[in-house]
Amino acid sequence: MRTIFGALCAIGSLAIATSVQAQVFAGDRGAGCVLIPAGGGNHVMTITGAVPVGSALMLAAGTSKNATMASPTQVSDNRGNVYTGTMSRIHLDNFDLRAFTFVAPITQALQTGDQVTLHYSAADIAGETSCASASRFDGVDVSTPVMPILTVGEQTTNATSHSASTGTTTTANLLIYESVVISGSHGGIGVNPGNPMSVACNGANNFCVVPAYRIVSSVGNYAITAITTNPVKATDLPGDFRTD
């Protein structure tokens, strides 16, 4: 009896040790905008807090026209972590306003002052703006993103509500991460439903990247909606990630 009880205890301990870790938003890690010249260039972001090994760094980014990311390395950092583009969407009206999301499993810890660089190989002939916002998440399995049913995202023109849906999810525990790119004098930005993070806007405050997320624990059809005071043009896209 003692042997059986001991074995059951061991199994119970193993189950606890291997239980799923919930996804957690662990903080904004920098945001900003730069001008990208016609021939392309780099958008260098400074990290504003620690991102330890085992965490994920996610980037919501966007360009004001249709800048092309460099290949094969679209995003890099000074510690050598590897970034994967999870989604990309361009507004079909005049083929401008491009939204991106990127993620890196952190295998080399980042500290305050480290740099993440977005590499562009081309931009509009008059130049264009790149904005990006970085955030740390814990408990995220970045090796298996769950592609949402609505893989192309959404686009709006002259609207105050900008929303993209995942479609019906098949995995219960998900981090839904979204990049919303807006063009116009917004008059103020909010997110509902969803949780906003550090918004990145240009100096004129008429081009912004709005990152947002939701953490869900049941199968369903979910959306994240950015809300602006004034009607503006926008494009947005979601990406879904399982628990670690």
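Each value in this text was obtained by applying a stated rule to the coordinates, not by laboratory testing. Everything numeric here is computed off the predicted structure, so don't read it as measured data. Cβ atoms come from the backbone with ideal geometry, glycine included; neighbour counts cover every protein chain shown.
Remarks
- Here the relative contact order of the stretch 25-216, from alpha carbon pairs under 8 Å that lie six or more residues apart, stands at 29 percent.
- Packing around the peptides 233-240, 39-46, taken as the average count of other Cβ atoms within 10 Å per residue, puts them in this order, highest first: 233-240, 39-46.
- Using a Gaussian network model of the chain in which every pair of alpha carbons under 10 angstrom is joined by a spring, one finds that among A123, A109, A200 the greatest mean-square fluctuation is at A109.
- Note, ³J(HN,Hα) from phi for the stretch 22-30, Karplus 6.51, -1.76, 1.60, rounded to Hz, x at Gly and Pro: 5, 5, 9, 6, 10, x, 5, 10, x
- For the chain, a crude dipole built from +1 on the beta carbon of Lys and Arg and -1 on the beta carbon of Asp and Glu, taken about the Cα centre, is about 340 debye to the nearest 20.
- Loop-located chymotrypsin sites (Phe, Trp or Tyr not before Pro) in the stretch 43-134 (DSSP state not H, G, I, E or B) with no more than 11 neighbouring Cβ atoms inside 10 Å: F95.
- Shape class of the chain from the alpha-carbon gyration tensor: prolate, with a/c at 1.5 or above and a/b greater than b/c.
- C-alpha long axis of helix 2-17 to longest principal axis of the chain, angle in °: 10 degrees
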